[in-house]
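Written out below as structure tokens is the structure these notes cover.
The values are calculated or read from the model by the stated rules, or taken from the named source; none is laboratory data. Please read all numbers here as calculations on a predicted model, not as lab measurements. Positions of Cβ are backbone-derived with ideal geometry, glycine not excepted, and every protein chain shown enters the neighbour counts.
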Amino acid sequence: MNEQEHVVELLQDIKGLLSHTKKVYNIDDLVRYTGLSKSKIYKLSQLKLIPAGKNRHVRQLFFNKEKIDAWLLGEPNLSDEFLEQRFNEQLLNHKKSGSWKT
């Protein structure tokens, strides 16, 4: 590895470390911070199983780092089976209440 490649690698490492000092994450930041996939984060947010904020003027989810840390320390169930079960329950509840039209 030449010196320029080494400097670029160091800068990328520094950028990664600095991203952890942010107070509010977007979806990409949260993927890097937690190691969860975008798909799993979107599923969790749709089911309201992850603390997320949304600005009605911006079509993007935002995540408060402190709330995410507390949520992660609470050992949330992130299994695909659990998420599928919750999604099916939500779907049944919406069908029963008539809030979703099929």
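Take Lys43 and decide whether it is over 17 Å from the mean Cα position of the chain (by Cα), on the phi < 0 side of the Ramachandran plot and not polar (S, T, N, Q).
no
Where residues in region 32-81 are surrounded by fewer than 14 Cβ atoms within 10 Å (Cβ to Cβ) and among the aliphatic types (A, V, I, L, M), which of them is modelled with the lowest pLDDT?
Here the answer is Val58.
Pairs under 8 Å by beta carbon, first residue within 14 Å of Phe82 (Cβ to Cβ) in region 34-58, partner in a strand (DSSP E or B), six or more apart or different chains?
Pairs that qualify, where the first residue is within 14 Å of Phe82 (Cβ to Cβ) and the partner is in a strand (DSSP E or B), are Ile50/Phe63.
Can you confirm whether Leu91 is surrounded by 11 or more Cβ atoms within 10 Å (Cβ to Cβ) and hydrophobic (A, V, I, L, M, F, W, C)?
So Leu91 fits the description; yes.
Quick one: in region 10-31, which of the residues that are at pLDDT below 90 and surrounded by 11 or more Cβ atoms within 10 Å (Cβ to Cβ) is farthest from Arg86 (Cα to Cα)?
Going through the qualifying residues, I end up with Gly16.
Kindly provide the set of residues from region 1-20 that are touching a Lys or Arg at 6+ places or on another chain (Cβ under 9 Å) and either polar (S, T, N, Q) or over 24 Å from Asn64 (Cβ atoms) (or both), ordered by number.
Ser19, the sole residue that qualifies.
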